[in-house]
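Here's the structure we're looking at; comments come further down.
The values are calculated or read from the model by the stated rules, or taken from the named source; none is laboratory data. Keep in mind the model is a prediction, meaning the values are calculated, not measured. Positions of Cβ are generated from backbone atoms using ideal geometry, with glycine treated the same way; all protein chains shown enter the neighbour counts. The protein model used for the area step is the full one, side chains on, heavy atoms only, and it has no ligands, DNA or RNA in it. Shrake-Rupley method; radii C 1.70, N 1.55, O 1.52, S 1.80 Å.
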Amino acid sequence: MLSEQEEFAAAIVERWVETHKKSMTTFVILVALSGQPMWSKELEQWLGEVAGWELTERGLHRILQRMTKFELIRYEKTNSPKSGADRKVYEITEFGLGVARSIKEDGLCYLLNDSFTKLSAKL
């Protein structure tokens with residue numbers, strides 16, 4: 001049984017993780033696509049492996065549609081090798097690459113700061 005303080009701490013962490021996940025999903029997808037084009041299932045697997053995040057298929061597709069609308073990414077329809085069905089293979093645009101770089105430089109610069117990394121390594 002958890003103490004009241006432990007329950008409170010767990011609630012703080014859970015809320016922080018959910019907020020972080022929501023705010024970082026676009027950036028993390030841009031990072032993934034900066035390495036290579038991927039279709040949604042590959043992105044879903046990459047997010048799980050690298051970030052430990054699970055997104056619903058519907059949620060991921062909504063995010064990809066929004067990112068496409070804002071021209072952060074684009075897609076090309078290709079045939080699946082196994083089923084022959086159309087699938088969208090997403091890739092980052094030059095605009096998306098610039099946005100990702102700006103997020104890294106302006107929003108995540110503290111992660112690259114020596115003082116921060118030394119102190120966080122002690123946690």
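Can you name the residue in region 77-120 that is in contact with a Ser or Thr (Cβ under 9 Å, 6 or more places away or on another chain), open to solvent by less than 50 Å² (accessible area, probe 1.4 Å) and hydrophobic (A, V, I, L, M, F, W, C) and is also nearest to Thr25 (Cα to Cα) among such residues? Taking the candidates together, the pick is Ala100. Please tell me if Arg74 is within 17 Å of Ser40 (Cβ to Cβ) and either of a type in the set (A, V, I, L, M) or surrounded by 10 or more Cβ atoms within 10 Å (Cβ to Cβ) (or both). Yes; evaluated as a whole, the condition is true for this residue. Suppose we filter Ser3, Ser23, Ser80, Ser34 for residues that are out of contact with any Lys or Arg (no Cβ under 9 Å at 6 or more places or on another chain) and farther than 27 Å from Leu108 by Cα; which single one remains? Answer to the check: Ser3. Looking only at region 63-87, which residues are of a type outside the set (Phe, Trp, Tyr), in a strand (DSSP E or B) and modelled with pLDDT of 95 or more? Selection gives Ile73, Arg74, Glu76. Total residues in region 87-123 satisfying the condition of being aliphatic (A, V, I, L, M) and over 19 Å from the mean Cα position of the chain (by Cα): the figure is 3. Taking first residues from region 14-37 that are more than 13 Å from Ala100 (Cα to Cα) and in contact (Cβ under 8 Å) with a residue 40 or more places away in the chain and partners that are surrounded by fewer than 17 Cβ atoms within 10 Å (Cβ to Cβ) and of a type in the set (Val, Ile, Thr), the Cβ contacts under 9 Å between residues at least 6 apart in sequence or on separate chains come to Pro37/Val89.
Does region 23-33 contain at least one residue that is outside any helix (DSSP H, G or I) and open to solvent by less than 100 Å² (accessible area, probe 1.4 Å)? Looking through region 23-33, none of the residues is outside any helix (DSSP H, G or I) and open to solvent by less than 100 Å² (accessible area, probe 1.4 Å). Considering Gly52, Gly59, the condition of being on the phi > 0 side of the Ramachandran plot and free of Cβ contacts under 8 Å to residues at least 60 places away in the same chain is satisfied by Gly52 alone.
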